[in-house]
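Nothing in this text is a laboratory measurement; each read-out follows from the coordinates by a stated rule. Since this is a predicted model, take the numbers as computed values, not measurements. Here the Cβ is made from the backbone with ideal geometry for all residues, glycine too, and neighbour counts use every protein chain on show.
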Amino acid sequence: MTCARIVSWSEPWSEPWSNRSAAPPLGCFWTAEQVRDLDAQAIAGGISGYELMQRAGLSAWCYLKARWPQVKRLILWLGSGNNAGDGLVLARWAHSAGVAVVLLQVGVPKYSGTAAQVWREACALGLSPTQWQGEALTGMPDDGSTIQVDALLGTGVHGAPALVFTQAIAAINAAALPVLALDIPTGIHPDSGGLTGSLAVQAAATVSFVGAKRGLYTGAGGHYAGVVQVDTLDVPSDLQRRALCRTLDMQPPPLPQRPLDAHKGNFGHVLVLGGQQGMSGATLLAARAAARAGAGWVSVGSQGLTIQALQVACPEIMARTLDFASDGAEVLESLLERATLVVLGPGLGRSPWSVQLFAQSMAYLRRTAKPVVLDADALYWWRQQSDTLAEAIFTPHPGEAAMLLGTTAVQVQADRFLAVEQLVQLTKATVVLKGNGTLVSAPTAPVYLCRAGNPGMASAGMGDVLAGLTGGVWAQQADALSAACRGVHLHAATADALWVAGRRTILASDLVNAL
């Protein structure tokens, strides 16, 4: 075998935040158990476990050589399972290419089966592992000539790593040398993306085999994995189609082209409600995003100072003052009647004015079953009563998700897939769990995972833009789940375009302008 079998590694190396494959859409994300089933089916179909390990090791070597062509020395950290076997195959290829190879054995070597076979073959070539005694790696230049390979545990261990492996993880990270992880960084749960212990290997890149492990693309996994490439190892695609996949790659099609005789009435009327005094920016961002998303009309109901700011900043938006001491209730009812759907929450706040706005809006929405996007403080007020809505999209960040579920943001981030499933059960609606690797799901639907997005989005107002953008998209179509996926993907992809153009920090208004 040669690297000719491997697909071209063409990642955007200048985009270190990204763990998205440069290959076509991944289609499915798998749990570790599902990938083991795919392995078993492949072996039953005539591809031996030894052949799969050879393919995995070669794939990793080809990737490494393409990513770091100046490599002169490899330091491979080995456990004793199949992950270590993949690393030993990589070591043989590197050795044959004239690269100096150092094999560090962590823990008691207990090779068996196929891994034991490739261990014997490596030893026959003089590639005998040295037992790691806890020493630090020092004195090696960080110029790409020395690369570490994490072949410690792979996907077979879900609990906290043993102490010696935790110490090895610390040594790997302290060395400050680039790391290629095989299948998954040690310390990351392949299914949840959370930490299995206190530490995880910080990889520059991860090569995942057979199928994309879903834990590599969200939460801590999305951070520690670096750039992720997936090699199916030529496992037949019909095997993958037979597997039941419940986590799908978010690749929504664009909205259909507009007919030449289109008019604003064809594309819905979005009403944004919020904008308590001092929080007018959130409402303005949401309303502008809804308009940029293509809604035919956008209206706002808010407090007086917010209305003044809106009229100056964006004259295209129709704005009405909601003063509940006078005619605010009648004005709100009129706004709600005219709208196609409502975006409730950006800048809403928790004042007496906020309480009245939320209560009257919810009473109308329950009575009419009009669609609503709930965000920000609307989530807090909804939790006080937890009413079921006929058509709704909830858009919590991890902190808001924790509030809804009665838990902590740390627990939400530890297993974002579980959290989004629990949120769907609680709300009986479409849920967008925001964050690194945003997840979208709905009752009876799979989970959709967004691979787009970057650290430049860590700025105030991004959630307000997403809420308005989602509402603007939803006003043009009937399906809440599709609208949520389109909104999330467009939000993240637009931010990626700004990041590639050189924006280290992306303001929410930058994103609105770029839509």
Rounded to whole angstrom, the alpha-carbon centroid of the stretch 151-201 lies from that of the stretch 45-123 at a distance of 17
With -39,500 (n - 2.57) per DSSP H segment of 4 or more residues and division by the full residue count of the chain, the 222 nm estimate, nearest 500 deg cm²/dmol, is -12500 deg cm²/dmol
Isolated cysteines for the chain, Cβ-Cβ cutoff 4.7 Å, are Cys123, Cys314, Cys450, Cys485
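Among bridges DSSP assigns within the stretch 266-514, what percent are antiparallel (round to 5)?
Details: 5 of 26 bridges.
Restricted to the stretch 266-514, the bridges split so that about 20 percent are antiparallel.
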With Val331 itself left out, Lys, Arg at +1 and Asp, Glu at -1 over residues whose Cβ is under 13 Å from its Cβ give -3
Taking a straight Cα-to-Cα line shorter than 19 Å from Lys110, and setting aside same-chain aspartates and glutamates fewer than 8 residues away, one finds Asp86, Glu121, Asp150
Expressed to one decimal in nm², the mean projection of the alpha carbon convex hull of the chain is 25.6
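Could you line up Phe394, Phe209 from fewest to most neighbouring Cβ atoms inside 10 Å? Write down the numbers at each step before the final one.
Details: Phe394 26, Phe209 29.
Lowest count first: Phe394, Phe209.
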One finds the C-alpha centres of the stretch 274-303 and the stretch 435-493 to be spaced, in Å, by 17
Phi angles of the stretch 453-464, converted by Karplus (6.51 cos²θ - 1.76 cosθ + 1.60, θ = phi - 60°) into ³J(HN,Hα) in whole Hz with x for Gly and Pro, give x, 7, x, x, 7, 7, 8, 5, x, 4, x, 5
Rh_Kirkwood(the stretch 66-132) over Cα pairs, Å, one decimal, evaluates to 11.9
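Within 10 Å of each residue's Cβ, count the other Cβ atoms and sort Thr130, Thr306 from fewest upward. Don't jump to the answer; show the numbers that get you there.
Details: Thr130 10, Thr306 26.
The fewest-first ordering by Cβ neighbours comes to Thr130, Thr306.
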Checked against the positive end of the charge dipole of the chain (+1 on Cβ of Lys and Arg, -1 on Cβ of Asp and Glu, about the Cα centre), the farthest of Ala325, Phe358, Asn454 is Asn454
For the chain, the longest principal axis of the Cα atoms and the Cα long axis of helix 82-96 enclose an angle in degrees, to the nearest 10, of 60
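Could you tally the net charge around Phe209, taking each other residue with its Cβ under 10 Å from the Cβ of Phe209, Lys/Arg +1 and Asp/Glu -1?
Details: positive: Arg55, Lys213; negative: Asp39, Asp86, Asp183, Asp231.
So the environment of Phe209 carries a net charge of -2.
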For Lys264, counting only lysines whose alpha-carbon sits under 23 Å away and dropping same-chain residues fewer than eight positions off, the answer is Lys370
Cross-link reach from Lys65 to lysines, straight Cα distance under 27 Å and at least 8 residues apart if same chain, gives Lys213
In whole Hz, the Karplus estimates of ³J(HN,Hα) for the stretch 51-58 (6.51, -1.76, 1.60; θ = phi - 60°; x where Gly or Pro) are 5, 5, 5, 4, 5, 5, x, 5
Exposure proxy check on Ile147, Ile307, Ile43, Ile393: fewest-to-most Cβ neighbours within 10 Å is Ile43, Ile307, Ile147, Ile393
Simple SL model, points at 7 angstrom along Cα→Cβ for Arg383 and Gln411; separation in nm is 1.2
Rounded to the nearest 10 degrees, the helix 280-292 long axis (Cα) sits at an angle to the longest Cα principal axis of the chain of 80
Under the Karplus relation with 6.51, -1.76 and 1.60 and θ = phi - 60°, whole-Hz ³J(HN,Hα) for the stretch 216-228, x at Gly and Pro, equal 7, 10, 8, x, 4, x, x, 7, 6, 6, x, 6, 10
By the C-alpha gyration tensor axes a ≥ b ≥ c (rounded if a/c is under 1.5, else prolate when a/b exceeds b/c, else oblate), the shape of the stretch 389-515 is oblate
